[in-house]
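Following: one structure in structure tokens, then a few remarks.
A short reminder: the numbers here are calculations on the coordinates, not readings from a lab. Because the structure is a prediction, the values reported are computed rather than measured. Note that each Cβ is placed from the backbone with ideal geometry, even for glycine, and that neighbours are counted across all protein chains shown.
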Amino acid sequence: MTTQPGGKILLSVTVNGCERAVEVYPMARLLDVLREELGLPGTKEGCGEGECGACSVLMDGRLVNSCLVPAVQAQGADLTTIEGLAQGDRLHPVQAAFLAHNGAQCGFCTPGMVLAAADLLARCDRPGEADIRAGLAGNICRCTGYVRIVDAVRMAAEAGAEPGERP
Amino acid sequence: MRADVPACAVAVPRSLREALELLAEAPGWRPLAGGTDLMVPFAAGRLGDTRFLSLQRLDELRGQAVTAGAITFGALATFTDLLRDPAVGRHLPNLVRSARATGAVAIQNRATLGGNLANASPAADTPPALLAYGAEVELCSLRGARWLPYADFHTGYKRTTLAADELLTRVRVPLPGPGFHFYRKVGTRAAQAVSKVCLAAFARVEDGFVREFRVGLGSVAPIPLRALQAEAAVLGQPVAALPRRAAREALMADLSPIDDLRSTAHYRREVAGNVLTQALGELAAYLNIVL
Amino acid sequence: MGTAEGIGISVARREGRAKLTGASRYVADEGWPGGLWGATVRAPVAHGRILGLRFEPGLPWEEFTIVAAADLAAMGWRNRVESIEPDQPFLAEGVINHAEEPVLLLAHADRHLLERARRAVTVEVEPLPAVLDLDEALACAQAVGGRRNLFKEILIERGDPDGAWAGAAWVVAGEYRTGAQEQLYIETNGMSARVDPGEHGPELTVRGSLQCPYYVHAALARLFGLPGEAVRVIQMETGGAFGGKEDYPSIIAGHAALLAWKAGRPVTILYDREEDMACTTKRHPSRSRLRTAFDAEGRLLAMETDFLLDAGAYTTLSPVVLSRGAIHALGPYRCPHVRIHARAVATHTPPNGAFRGFGAPQSLFAMERHMDRSAARIGLDPVELRRRNLLRRGDRMATGQLVDEDLDLAGLMDRALADLGYADKRAEYARANAGGGPLKRGVGLAVFMHGCGFTGSGETHLASVTGVEAQADGRVGVLAASTEMGQGKETVFTQIVSEALGIPNDLVAIAPADTRRVPNSGPTVASRSTMVVGRLVQDAALALKQALLQGQFLREPYDGEGFRAAVRAAHAARGPMTCYAEYQRPAGLVWDDVHYRGDAYPTFSWACYAVAVAVDTVTWEVQVEDFVARQEVGRVINPILAAGQIEGGVAQGLGWALWEKVETVQGRMVNNQMTNYIVATAMDLPRIRVFFEENLPSAMGPGGAKGLGELPMDGPAPAVLGAVQDALGLCGLRELPLTPERLLAAVEEGAP
């Protein structure tokens, strides 16, 4: 498949369990496609360079910086954004733990941070402090100093996000 | 977001052959692997390219396998793939360390080994490890495939021997056998950091003497390179009496660091020397452990 | 009466859930229909004359809305950003005074086309020599701004600052420098504006990421010459601010409004990270030349400092930053003879502004570093030197303010040091460091204070007002202009009202920070929101309760249900019955603004921070291994939220100390990307251990609370450098940030 300059592609993805298809420029960032065409502004832009992790989403089960993924490379992907983490009123264990432990202050890094934490717990069911800090190292928070975030992730691990349970 | 997104064209070949045909017939396609390097200047409006060749469908370039006496990686092997592969962990610990030292989880999930080399940044994290292991790279075009030592791949700052119609397709790392491995990246912080100094070393010791010694350097020259002078100072020397000062002085001839946004030439020189000294110290201790 | 959710309880944040599910809406998440995007064309040099604007052919310029300074003049609008001294234009007029100064505004519906257009405008300039250096500015061979290149000058004197030097046993001098620091809120700046026809004329509405809705309100009213009722400012969910959204949003709001007015359509301006970092305010760089005299016992006899802040090209907030920095310059010490000479200097750089701490971190860094270096010179332990000089009840501070609390700073210090295990670690590290090995460990401390609320007569001038009203649903509504930006303001106000009225949290509603809804309770700055505004909220709530009692709607004793029924009934009968509380200056506070004498702040919070570091002598990186933050804050309203403020502030303080360096070339920031401006990741920081003391309640704050939002910024940097001094025996560490490159240079120099 080759597009022409100015040409768009039909991007078919599964987002938070729903099949969606939208027309987008192939080099549009997945971040912008999520926020605009797919109407999911929960994923944030903090830096546009893949440094801050505010744009983190799960793509085919892996944590990625959506600001660095061109739309064309998300073709056929299974995506999870922050909006897809809770099941109706039931918060994901990571969300519940953040709420209980003040893991979010201004909330802007939070969507990416929560997904990164959920991803960590799905890969590692008993992370120690060093594992947690390494798992979240790609998500910059300016408000918390990470203290309560690390506590929340440890509590969520103990509360049992089951090993291998994909968010 | 400053890129002229609407002006871009993208090709998504379904096979390596198709990719090489596109490169041959209309030069100027920019190969796009995981995007963790290219998307940054692209989004900042600093990348001139508007025609991208996305490699996402080229499954034949994914993964890695142990072949005869080597581990061969497809160019699209991601850093996470490297980190998780038990064979890589067992035989090539420097490569694992370098992959873990890059960015953080989300970057590692998308960054590819081929991209890390083809992007040709002197500060990339895997090149020093690959240089210390004596890796080779395969470059393919319609005209054929050729292997060359990775040490010959970089020709100047951000320039490689890749012809306009070639793709880097595989990286082959001979299994080093029992030996001493060392890797240290000095970054601007503990994660998500560009390297200021990077040094990888591999040594094989026999009868108390250094029989093989390769040192790969990053961020201290326009290209990733072998520290040939430092290596020469150590090769053949007794491990019980490694010439640390001579090696450090020799290393200074291998380096040509600069002042830039992240650090200074002076710091890079001093710290590269310190890291080499540290590596030699660990080499001396390693022998004691082994014996 | 239920105070189960009142003061002192870590109730869960009511603002929390939306942030965790992606439901919160920040300015970039929501636009008005039919809106345009706006962008800013900026100056390419630090100083120059604007010769003209060149528009590259080939773009459909007729489709764009374009606003230049000349348009403001043509419309009779005032091209000045409202400020203490309104010398800053919204758009540069004729002259450029700093790099990235806004020159032209563009708007279009197509974001990609807009970006192409922004790049296709060239500002043609005749470059002029730019004054970028403090000494050059002070020498005043070229005028930059202010009076003789000073936006403000303050002299604080006590006793006989010239006479004490001769008899001193020790005189120690030093020069200390701190660099600029970028606030780096994870949400960049952005504002949306629309102009609608109203009954009495045009009505302007702006909304976006901001800290101070009434600052923006005033700026827009003055820009357009509109009456206050015709301007409405709404704070949206704000992703961090730390002072970086105190004054700059007024500029962006003005820009968006100018475009919206001309276009006849709503306009949104969003800064990306590169623009935000290069163009908006930073912490003021500082230089302190300090000299202290000690007697033979190490007691301070005299202190003299020449304190400079690099203000940038326009006045903006610099006089106030200087004020706080000057007042804090002596630190928490007793000293009979003092001279603090402080100046805010004009340079051709983007104006610097508010960042948590607001001048105090800079001057406190100098004094605390100086005390550590002095201790080494005198041969006293840094703890002991402090012990001999810490303020006590009955002492006077630099401005002559009397310490009228039972202040036990020595006790606070000892407890903080015990928390860290300072003495044991010091001994253990001294042994281990002698034994070789690449890591050298050390411990350090800082003792400091932070004045709560606006300086001097600032609160009186603000004349803050809050309101509490009855709602139809039986809840009470709190009306205050304080903005939630992560600190948990809504929750804290809720707890204050719960406590005051003895009702559960869910009977308290907090009105959004919308100038149409809430009165002007002042800006969300200066560590005042709990102590000053929270107190007014408490007073207004109590006034409403009185009104309900007097109106026979409510009878005591009551429970939550009873209260709700009473409020419903009252609202049905009489409407909101809004009760207001207005700031009254506490009796007995006296401040002389001319001589800088008297009660600079109604009260202070006090702290001692202690830190253990490991210096890697291979790379000269400093690893912070343990951090203790212990502070006396009067009363903690919500322990978990308060701890969050300290933890976050300490992280920023450590960044300022070790990693965050603003690199400039020709007056323009060049590392304006998160790749090259280094803030801490989760792997760079240790667990930060926080302890609160509530022994000295303030008379002002609800429950005795003082302010604490900025306090944590003041301690980490000098404590860390003191620890590195301890680890390496190296006293010449006098500059921030202490990057590995600088530490290597200091080690090579071996400077004292």
Which percent of the Cα-Cα distances in the range C:150-189 go past 11 Å?
82
Which value in Å is the Kirkwood Rh of the range B:59-174 over different Cα pairs?
14.0
By the C-alpha gyration tensor axes a ≥ b ≥ c (rounded if a/c is under 1.5, else prolate when a/b exceeds b/c, else oblate), the shape of the range A:63-130 is prolate
For the protein assembly as shown, the dipole about the Cα centre with charges only on Cβ (Lys and Arg +1, Asp and Glu -1), to the nearest 20 debye, works out at 920
If every Lys and Arg gets +1 and every Asp and Glu gets -1 at its Cβ, then about the Cα centre the range B:180-290 yields a dipole, in debye to the nearest 20, of 300
Sorted by average packing, counted as other Cβ atoms within 10 angstrom per residue and highest first, what order do C:527-540, C:64-77, B:43-56 take?
C:527-540, B:43-56, C:64-77
Counting helices only, and only those DSSP H runs with n ≥ 4, report the 222 nm mean residue ellipticity of chain B as the sum of -39,500 (n - 2.57) divided by its residues, in deg cm²/dmol to the nearest 500.
-9500 deg cm²/dmol
Size of the dipole of the range B:5-54 about the Cα centre, Lys and Arg at +1 and Asp and Glu at -1 on the beta carbon, nothing else charged, in debye to 20?
80
With N denoting the number of residues in the range B:5-54, provide Rg(C-alpha) divided by 2.2 N^0.38 Å, to two decimal places.
1.15
Can you tell me the order of B:2-9, C:675-682, A:91-98, C:712-719 when each peptide is scored by its average per-residue count of other Cβ atoms within 10 angstrom, highest first?
C:712-719, A:91-98, C:675-682, B:2-9
Rg/Rh of the range C:282-373 (Cα atoms, Kirkwood Rh), to two decimals, equals 1.03
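Once Rh is set to the Kirkwood radius over Cα pairs, what Stokes-Einstein translational diffusion coefficient, in µm²/s, holds for the protein assembly as shown at a temperature of 37 °C and a viscosity of 0.692 mPa s?
D, rounded to a whole number, is 103 µm²/s.
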Considering the Cα positions of the range A:9-84, please state its Rg to one decimal place and its Dmax as a whole number of Å.
10.8, 29
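Hey, any idea what Rg/Rh is for the range C:312-462, computing Rh the Kirkwood way over Cα pairs?
Reported Rg/Rh, Kirkwood definition of Rh: 1.05.
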Computed over the range C:243-344: relative contact order in percent, which uses C-alpha pairs under 8 Å that are six or more apart:
24
So what are the radius of gyration and Dmax for the Cα set of the range C:388-452, in Å?
16.8, 50
Rounded to the nearest 0.05, what FRET efficiency do B:F209 and C:A18 give with R0 = 56 Å and r taken as the Cβ-Cβ distance? Could you check?
0.25
For peptide B:46-59, how many partner chain Cβ atoms fall within 10 Å of a residue's Cβ, on average?
2
Hey, what did the range B:59-174 get for relative contact order, percent, Cα under 8 Å, at least 6 apart?
27
May I have the convex hull volume per residue, in Å³, for the Cα set of the range B:180-290?
89
Note the direction-averaged projected area, equal to a quarter of the hull surface, for the Cα convex hull of the range C:29-101, in nm².
7.5
Tell me, rounded to the nearest percent, the portion of alpha carbon pairs in the range A:93-159 spaced more than 21 Å apart.
8
Just need the relative contact order of chain C here, percent rounded to a whole number, with Cα pairs under 8 Å and 6+ apart.
16
Binned Cα-Cα distance frequencies in chain B - 10 Å width, integer %:
6, 28, 34, 22, 8, 2, 0
Tail beyond 21 Å, pair distance distribution of the range C:187-337 (Cα, percent)
56
Count, for each residue of C:620-630, the Cβ atoms from other chains sitting within 10 Å of its Cβ, then give me the mean as a whole number.
1
Too-long pairs where the Cα-Cα distance tops 20 Å, listed order kept, from C:K245/C:K282; B:K196/C:K282; C:K489/C:K706; A:K44/C:K19; C:K489/C:K545
B:K196/C:K282; C:K489/C:K545
Gyration tensor verdict on the range C:81-232 (Cα atoms; rounded if a/c is under 1.5, prolate if a/b is larger than b/c, oblate otherwise):
prolate
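Within a 10 angstrom radius of each residue's Cβ in C:9-20, how many Cβ atoms of other chains show up on average? Whole number is fine.
For this peptide, the per-residue mean of nearby foreign Cβ atoms is 6.
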For chain C (alpha-carbon point model, no solvent) the Debye-based log₁₀ I(q)/I(0) at q = 0.07, 0.09, 0.11 Å⁻¹ works out to -0.51, -0.84, -1.22
Rounded to the nearest whole number, the Stokes-Einstein translational diffusion coefficient of the range C:552-682 at 25 °C and 0.890 mPa s (Kirkwood radius, C-alpha pairs) in µm²/s is 115
Is it possible to state the helix-based mean residue ellipticity at 222 nm for chain C, with each DSSP H run of 4+ residues giving -39500 (n - 2.57), the sum divided by total residues, to the nearest 500 deg cm²/dmol? What is it?
-9000 deg cm²/dmol
Cβ-Cβ cut-off under 10 Å around A:L11, Lys and Arg +1, Asp and Glu -1: the net charge is 0
Which of the listed residues, C:F294, C:S464, C:A418, is farthest toward the dipole's positive end in chain C, when Lys, Arg count +1 and Asp, Glu count -1 at the beta-carbon?
C:S464
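How long are the semi-axes of the equivalent ellipsoid of chain A, taking √(5λ) for every eigenvalue λ of the Cα gyration tensor, in whole Å from largest down?
29, 16, 13
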Inter-centroid distance (Cα atoms) of the range C:680-702 relative to the range C:187-231, Å:
36
